[in-house]
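The values are calculated or read from the model by the stated rules, or taken from the named source; none is laboratory data. The structure displayed is predicted, hence computed values, not measured ones. All Cβ positions, glycine included, derive from the backbone under ideal geometry; neighbour counts span all protein chains shown. The protein model used for the area step is the full one, side chains on, heavy atoms only, and it has no ligands, DNA or RNA in it. Shrake-Rupley method; radii C 1.70, N 1.55, O 1.52, S 1.80 Å.
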Amino acid sequence: MIIQAFLRWVEQASVSDRARAAAALARAYTTGSQANFDYNAAETAMSLLLDDPAPQVRQALAEALADCPRAPRALILPLAEDRTETAYTVIARSPVLTDADLVDLVARGTVEIRALIAARAPVNPPLAAAIAEIGGEVEIAILIDNRQARLSARTLSRIAERFAAHAAIRGALLERGDLPATVRTRLMEEVADALSGFGLVAHVLGEERARRLAREACDGATVSLSEAVPPGEMVRLVEHLRLRARLTPLFLLQALCAGKGELFAEAMVCLTGIGESQVRAILSGGSGHAVRAMIERAGLGRDVSGLYASAVMLWRREGQQRREPTETVPQRLLARLRDLGGQGAIAPGLAEIIEKLDIAERRRQARSAARDAA
């Protein structure tokens with residue numbers, strides 16, 4: 001009787017009256033504020049309203065049901081497939097929609113629908129992965145900006161792979177503290193390539209020098225970030241650097257001069273094929289001949305292996321000292337190069353990079369002293 005009476009009323013009521021009735025019925029259902037409320041009858045009546053020809057009625061129903069976790073899926077799913085505004089209301093807000101529902105909507109929806117899903121709270125890892133795989137620049141930017149989106153390392157890597165050349169997305173990724181080191185390194189490489197290829201920079205510095213300076217800056221940033229890399233991730237970082245031909249003699253020397261023993265050790269494991277325990281034993285207590293042999297096995301020539309062995313010994317000695325050294329490792333290596341005399345020319349760029357490292361270390365010490373004195 002109640003449903004029949006409702007149907008007779010719906011046939012005669014105006015659009016505005018039907019919209020108000022839909023909203024009131026849905027609110028009563030979601031709040032349960034009325035005694036002896038007939039939920040079955042209410043669900044039947046709202047199901048009938050799904051076929052109302054006036055979009056205002058369906059929109060009123062969507063607005064009232066969108067935030068309710070108890071809303072029937074039989075109502076929410078059709079509303080999510082409705083006209084644009086109604087669908088958007090439910091897709092953006094309804095907790096009834098599962099990750100599977102939302103992944104399906106991501107796969108076949110519009111840019112606007114994917115953007116609404118990317119802004120939901122929360123966005124769970126499977127859903128975030130789907131958006132990362134399919135979404136365009138707009139949706140990805142919203143996803144990264146959403147603090148309640150749970151992005152796995154694999155998802156972040158996929159986003160970087162697809163949008164590394166997109167400056168805004170690249171910058172947003174680099175601001176994240178949970179970005180894997182391999183992804184951060186790759187994005188820094190993109191930044192370096194973009195800067196060196198910028199017309200004004202290339203014109204002022206020359207293309208070759210611009211590329212070299214950008215690469216040195218990228219190497220320095222990679223060496224710095226390696227300090228915070230967990231041991232398990234260090235292997236992946238070094239393998240990434242190897243595949244990108246980044247484990248150059250200058251890079252390895254920079255790691256040594258900066259005291260990044262973990263990075264250098266893993267690089268030796270990667271380049272020599274020697275087991276990790278053996279590499280660490282050689283670095284921590286092996287003789288100069290053993291260190292030099294390992295370095296030569298890594299691909300460095302005999303003409304410079306002695307210099308690198310000296311750097312290892314200096315790094316080892318500095319680690320054993322409890323007081324602040326009076327000279328930095330780069331300073332001592334510069335003296336070593338002077339002792340080599342003409343042999344310094346055999347390793348082009350080594351003296352220059354060591355001098356730059358020395359200057360950077362002096363500036364770091366000066367800033368540290370200033371902070372201590374403040």
Look at residue 49 and say whether it is aliphatic (A, V, I, L, M), open to solvent by less than 20 Å² (accessible area, probe 1.4 Å), within 26 Å of residue 110 (Cβ to Cβ) and modelled with pLDDT under 95.
-> yes
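Is it true that some residue in segment 224-235 is in a helix (DSSP H, G or I), at pLDDT below 85, of a type in the set (A, V, I, L, M) and open to solvent by less than 70 Å² (accessible area, probe 1.4 Å)? Explain how you work it out, then say what you get.
Quick first cut of segment 224-235, residues in a helix (DSSP H, G or I) only: 224-228, 231-235.
Add one more test, that the residue is at pLDDT below 85, and what stays is 224-228, 231-232.
Those left that are additionally of a type in the set (A, V, I, L, M): 225, 228.
Okay, now just the ones that are also open to solvent by less than 70 Å² (accessible area, probe 1.4 Å), so 225.
Yes, segment 224-235 has at least one match.
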For segment 284-374, which fully contained helices (runs of 4 or more DSSP H) count at least 1 residues that are modelled with pLDDT under 70?
-> 302-320, 329-340, 350-373
Can you give me the number of residues within segment 29-64 that are within 17 Å of residue 14 (Cα to Cα) and either over 46 Å from the mean Cα position of the chain (by Cα) or assigned to a loop (DSSP other than H, G, I, E, B) (or both)?
-> 7
Being open to solvent by less than 50 Å² (accessible area, probe 1.4 Å), in a loop (DSSP other than H, G, I, E, B) and among the hydroxyl-bearing types (Ser, Thr, Tyr) is the filter here, so list the residues in segment 75-99 that pass it.
-> 94
